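Asker: Below is one structure. I have some questions about it.
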Amino acid sequence: MTDIKLLEHLETFLTENRLERFKKVLPERTKHFTVATEDVYQLHNTSAVIRSCDVFGIQEVNIVEEVNTKRIDREIAMGAQKWVDLNRFNTVKDCIKSLKENGYQIVATTPHTNDTVLHEFDVTKKSCFFFGRETEGLSDEVLNEADCYLKIPMVGFTESLNISVSAAIILQHVTTKLKQTNVNWQLTEEEMRAKRLDWCKKTLKSYDDIVARFYEARNE
């Protein structure tokens, strides 16, 4: 459980603008949807997906690094990695296992099936959207484990979109549609408090010193 007194103390060190930003952003965050990238080769693509998740309120991103090991491109992500939680996995198997244990259906995004087109997708189901490699797409393992396949309708000669563009299109659509339902999609109160504490830690340069002084004063 989050130490509420500590949280309130830490927030006194934030600027008014930053504190108001936290209060505005947090109610829009969700774990109802999440995203997974599978061995994306181009560094800027993973970073751009993280940025899109932040923009559309997706709190968690899952990065599978079975073949390609990544670092987050700070310039492209533009600080989004501070505000979005990154879950890293060495294998697709471990990632899918974790997601399913947390109640997510696996949604394979692919232009090569007609299972579900974007405007028909059921947003009430807790879902993880998988995005694959730039040229190969998703692995057979993801496609075989998927609960459904999702396709963005396209009418041009080009048969696919860059994964960061696909992620942005899908997330904008499903989050907008989700907020029109009665689904309880927001973070819980405890999750919000924990996230406020985490964001304080990532914002305050003297976080450790402030915390130490707070507990020293409380124990006197």
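The values are calculated or read from the model by the stated rules, or taken from the named source; none is laboratory data. Here the structure is a predicted model, which means the values were calculated and not measured. Reconstructed Cβ throughout: ideal geometry from the backbone, glycine too, with neighbour counts over all protein chains shown. Please note that ligands, DNA and RNA were not included when accessible areas were found on the heavy atoms of the full protein model with its side chains. Shrake-Rupley method; radii C 1.70, N 1.55, O 1.52, S 1.80 Å.
Asker: Do we find that Val183 is at pLDDT 95 or above and in a loop (DSSP other than H, G, I, E, B) in this structure?
Answerer: So Val183 fits the description; yes.
Asker: Same structure again: Scan the range 108-130 for residues that are among the hydrophobic types (A, V, I, L, M, F, W, C), farther than 17 Å from Gln59 by Cα and touching a helix residue (DSSP H, G or I) at 6+ places or on another chain (Cβ under 9 Å) and jot them down.
Answerer: Across the range 108-130, the qualifying residues are Ala108, Leu118, Phe121.
Asker: Any residue that is loosely packed, with under 12 Cβ neighbours inside 10 Å and within 29 Å of Lys93 (Cβ to Cβ) - is there at least one of those in the range 208-216?
Answerer: Within the range 208-216, not a single residue is loosely packed, with under 12 Cβ neighbours inside 10 Å and within 29 Å of Lys93 (Cβ to Cβ).
Asker: Would you pick out the residues in the range 186-197 that are assigned to a helix (DSSP H, G or I) and open to solvent by less than 40 Å² (accessible area, probe 1.4 Å)?
Answerer: The answer is Met192, Lys195, Leu197.
Asker: Test of understanding: among Glu145, Glu136, which residue is at pLDDT below 85, over 12 Å from Thr109 (Cα atoms) and charged (D, E, K, R)?
Answerer: Values: Glu145 fails: at pLDDT below 85.
Exactly one residue qualifies, and that residue is Glu136.
Asker: Could you tell me which residue of the range 6-31 is farthest from Thr188 (Cα to Cα), considering only residues that are open to solvent by 20 Å² or more (accessible area, probe 1.4 Å) and under 13 Å from the mean Cα position of the chain (by Cα)?
Answerer: Glu28
Asker: Within the range 184-201, restricting attention to residues that are of a type outside the set (Lys, Arg) and in contact with a helix residue (DSSP H, G or I) (Cβ under 8 Å, 6 or more places away or on another chain), which residue is nearest to Thr12 (Cα to Cα)?
Answerer: Cys200
Asker: Of all residues being surrounded by 18 or more Cβ atoms within 10 Å (Cβ to Cβ), in a loop (DSSP other than H, G, I, E, B) and over 16 Å from the mean Cα position of the chain (by Cα) in the range 90-122, which is modelled with the lowest pLDDT? Just the residue, please.
Answerer: Result: Thr110.
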